[in-house]
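The values are calculated or read from the model by the stated rules, or taken from the named source; none is laboratory data. None of the values given here were measured: they were computed from a predicted structure. Cβ sites come from the backbone with ideal geometry, for glycine too, and all protein chains shown count toward neighbours.
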Amino acid sequence: HWTMDEFVPKEIARIRALVGEKGQVIGAVSGGVDSTVAACLVSQAIGERFHAVLVDNGLLRLGEAQDVEKTLSSYLKINLTVVDASQRFLDALKGVTEPEEKRRVIGRNFIEVFQETAKKIEAAVADSPEEAKDGNIEWLLQGTLYPDVIESISYTGPSQTIKTHHNVGGLPASMHLKLIEPLNMLFKDEVRELGLKLGMPEHLVFRHPYPGPGLGIRITGEVTANQLEIARRCDKIFLDEIQAVPGLYRSISQAFAAVLGGVKAVGVVGDQRSYQQCVVLRAVQTKDYMTATACNLDFAFVNKVSSRITNEVRGVSRVFLDVTSKPPATIELE
Ligand code: XMP
């Protein structure tokens, strides 16, 4: 049996010994709990020799890239590089409508951008251009948790893979990096406890999970700049309203707004007929994300969110509430 108080110094010592005096580590961060806790730990162990990379895939929530930068770079003092690749992802997603295909496109582009960034960082940290050629980043940090390890073991055949989770399993072997996975013996609640120990702000530690493909799988059908704008604004309103009710955010496991791509509905704006997008609100409660139930949201609350969305977001004529459990549904719409 061990405690979190022992875990931190032990793990920091282990990382230092593993990486050595000069070793460099790179790792992708998303703004989520797991990658941030992992980054914090390695950063406390080796400082500037850890390089965190945030790939802005253009599928993040409103203001997310800036928020992550503020928290990780300014507040937690993690050595962070933010790469704006939003246009590249949008171009790559043009005409792609099938959910698994979207995940593949997003996953592939993520890997490419990450590898290109790693090369640039490597060149910058090397003392001489000669050294840069050898490549001196040897380690890759991943925020893999114990349940991810179990889940990837049980996902043996394609029939078991309901959806591919591109942040599980990690970056390709072609990068020739050795893995550091400091959280792979921990459960989510232990990672949160660790985050608090490491000085992470509470709002980050208790954040709802956010999928790697982001808004890409919260817009059914093709992802366009216009749909992204709608998804982002609706999501912001829904989450702001949830946070305004004391205790509500913490009582929900995951909440988001999604845009029903191919579906339009008729409405009235002033005395004009409108024919615009439909938006879905989804809030679920779950322990393990394998099964989930829809939250019993107060009707007046839902109604308030709905009127804010239709009043404030251009291009939306209807708001729906998803009340489906998992199974038979999944948490995300795609
Ligand atoms: P589903 O929709 O499969 O979601 O019931 C279960 C949990 O997994 C998240 N999710 C993903 N996370 N890449 C991710 O990193 C993905 O492709 C992906 N698909 C779903 C989802 O947000 C929920 O927390």
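For the reader, a short list of remarks on this structure follows.
- Tally of residues being surrounded by 15 or more Cβ atoms within 10 Å (Cβ to Cβ) and touching a Lys or Arg at 6+ places or on another chain (Cβ under 7 Å) across region 4-26: 4
- Condition met for residue 131 (modelled with pLDDT of 80 or more, farther than 30 Å from residue 250 by Cα and not small (Gly, Ala, Ser)): no
- Boolean, residue 236 is at pLDDT below 95, surrounded by fewer than 20 Cβ atoms within 10 Å (Cβ to Cβ) and of a type in the set (D, E, K, R): no
- Just so you know, in region 292-319 the residues that are out of contact with any helix residue (DSSP H, G or I) (no Cβ under 9 Å at 6 or more places or on another chain) and assigned to a strand (DSSP E or B) include one that is farthest from residue 245 (Cα to Cα), and it is 292.
- Note on region 309-334: among residues that are within 12 Å of the ligand (Cβ to nearest atom) and in contact with a Leu (Cβ under 9 Å, 6 or more places away or on another chain), the one that is farthest from residue 237 (Cα to Cα) is 333.
- Lone qualifier among 289, 275, 249 - being of a type in the set (Phe, Trp, Tyr), within 16 Å of the ligand (Cβ to nearest atom) and either more than 19 Å from the chain's Cα centre (by Cα) or assigned to a loop (DSSP other than H, G, I, E, B) (or both): 289
- Scanning region 196-222 for residues that are among the basic types (Lys, Arg) and part of a helix (DSSP H, G or I) yields a single hit, 197.
- Filter pass, residue 38 being under 21 Å from residue 197 (Cβ atoms), assigned to a strand (DSSP E or B) and of a type in the set (Gly, Ala, Ser): no
- Some residue of region 144-158 being modelled with pLDDT of 60 or more and in contact with a strand residue (DSSP E or B) (Cβ under 7 Å, 6 or more places away or on another chain): no
- Set side by side, the residues 207, 218 differ, and just one is surrounded by fewer than 19 Cβ atoms within 10 Å (Cβ to Cβ), within 16 Å of the ligand (Cβ to nearest atom) and not polar (S, T, N, Q), which is 207.
- Residue list for region 159-180, filter: away from the ligand (no atom under 15 Å from the Cβ), modelled with pLDDT of 50 or more and surrounded by fewer than 17 Cβ atoms within 10 Å (Cβ to Cβ): 172, 173, 174, 175, 176, 178, 179
- Condition met for residue 212 (more than 12 Å from the ligand (Cβ to nearest atom) and small (Gly, Ala, Ser)): no
- Residue list for region 27-51, filter: closer than 20 Å to residue 88 by Cβ and surrounded by 20 or more Cβ atoms within 10 Å (Cβ to Cβ): 28, 29, 30
- Residue within region 14-29 that is among the β-branched types (Val, Ile, Thr), under 23 Å from the mean Cα position of the chain (by Cα) and more than 29 Å from residue 224 (Cα to Cα) present: yes
- Annotation note: Cβ proximity below 7 Å between a residue of region 319-334 that is more than 30 Å from residue 268 (Cα to Cα) and at pLDDT 95 or above and a residue that is more than 9 Å from the ligand (Cβ to nearest atom) and not in a loop (DSSP other than H, G, I, E, B) (sequence gap 6+ or interchain) occurs for 325/293; 325/294.
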